[in-house]
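A short worksheet on the structure shown next.
The values are calculated or read from the model by the stated rules, or taken from the named source; none is laboratory data. The structure displayed is predicted, hence computed values, not measured ones. Here the Cβ is made from the backbone with ideal geometry for all residues, glycine too, and neighbour counts use every protein chain on show.
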Amino acid sequence: MKTKLIILVISLLSFVHVSGQGGDGGLLAKCFIDSQTGDTIRITKWTRVNYSSKYLLNFRMTRTNSFCTFDLSYHFGASEPFTIAKGDSIWLKFIGGMKLALYSKESAASVKGGAMTSRDPKGATIQGVKVKYDISQTQLLGLAGNELEKVRIFSSKGYIDILWPEPYRDDLKPEPTKTIMAARLMLEKKTKYIVTVPDSEDVKVNKEEAKKDEF
């Protein structure tokens, strides 16, 4: 209990320090009010975590009103199609030993190119998937003040552990990792939003309705 309290206090102090600076380090991709729903939406850029012949892993964070998700885009190398069931988990292990479990918001099936992002085209021809995992405010505080060591991803293929490498740090001016920066952006209270219609990747297309449309 004492360890968790110390981690929480460190997280809060770190968050206040960076918020005061008001910078996002170029990590924020979108910050807008959806003109159709009125939702305030904040999304960070996709960032590559790790890549090898056996896997590709990218992450970003998304906030819709006060609800946040930890989004992963990944594949498991040149493998057969796989699925993620609603409620499947990922385990996040921090340097220092703290662990978090996050659970998928909905089921998903892999498709060719499913792990590809505009910033990382390496998953273009391999079965991959994008999955949103719910993350609470308390869990965000943990991410805002602690560095990740690795992630364990569960799917229909079982599970795989992927290391979350530490970025290079200048001893004179250490910079927070991308996950720390992203978590702080999700926690930050913002007042300025652009009112806009979401782009195509944010619009859900109903394929059955599209078939009935007079084209």
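Provide a single number: the residues in the stretch 109-125 that are under 16 Å from the mean Cα position of the chain (by Cα), under 19 Å from Phe154 (Cα atoms) and in a strand (DSSP E or B). If you could, list the steps in order and put the result at the bottom.
Of all residues in the stretch 109-125, those under 16 Å from the mean Cα position of the chain (by Cα) come to 114-120.
From the residues that got through so far, the ones that are under 19 Å from Phe154 (Cα atoms) too are 114-115.
Now narrow it down to the ones that are in a strand (DSSP E or B): none.
Final tally of qualifying residues: 0.
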Item to complete: Residue by residue through the stretch 161-178, note down the ones that are at pLDDT below 95 and either under 15 Å from Arg63 (Cα atoms) or surrounded by 12 or more Cβ atoms within 10 Å (Cβ to Cβ) (or both).
Response: Trp164, Pro165, Glu175, Pro176, Thr177, Lys178
Discussion item. Given the criteria at pLDDT 95 or above, surrounded by 14 or more Cβ atoms within 10 Å (Cβ to Cβ) and not charged (D, E, K, R), does Ile41 qualify?
Written reply: no
Item to complete: Would you be able to tell me the number of residues in the stretch 52-71 that are within 15 Å of Asp120 (Cβ to Cβ), of a type in the set (Ser, Thr, Tyr) and crowded, with 17+ Cβ neighbours inside 10 Å?
Response: 1
Item to complete: Working only within the stretch 58-105, note down all residues that are more than 28 Å from Thr177 (Cα to Cα) and not aromatic (Phe, Trp, Tyr).
Response: Ala78, Ser79, Glu80, Pro81, Thr83, Ala85, Lys86
Discussion item. Looking at Ile95, Ile153, can you tell me which residue is farther than 16 Å from Cys68 by Cα and at pLDDT below 95?
Written reply: Ile95
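If a residue has to be buried (at least 20 other Cβ atoms within 10 Å of the Cβ) and in a strand (DSSP E or B) to count, how many in the stretch 72-99 make the cut? Talk me through it step by step, then tell me what you get.
The first filter runs over the stretch 72-99 and keeps only residues buried (at least 20 other Cβ atoms within 10 Å of the Cβ), leaving 72-76, 84, 90, 92.
Narrowing the set further to residues that are in a strand (DSSP E or B) leaves 72-75, 84, 90, 92.
Counting residues in the stretch 72-99 that are buried (at least 20 other Cβ atoms within 10 Å of the Cβ) and in a strand (DSSP E or B) gives 7.
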Discussion item. Just to verify a result, which residue in the stretch 31-68, among those that are in a loop (DSSP other than H, G, I, E, B) and of a type in the set (Gly, Ala, Ser), is nearest to Ile162 (Cα to Cα)?
Written reply: Ser53
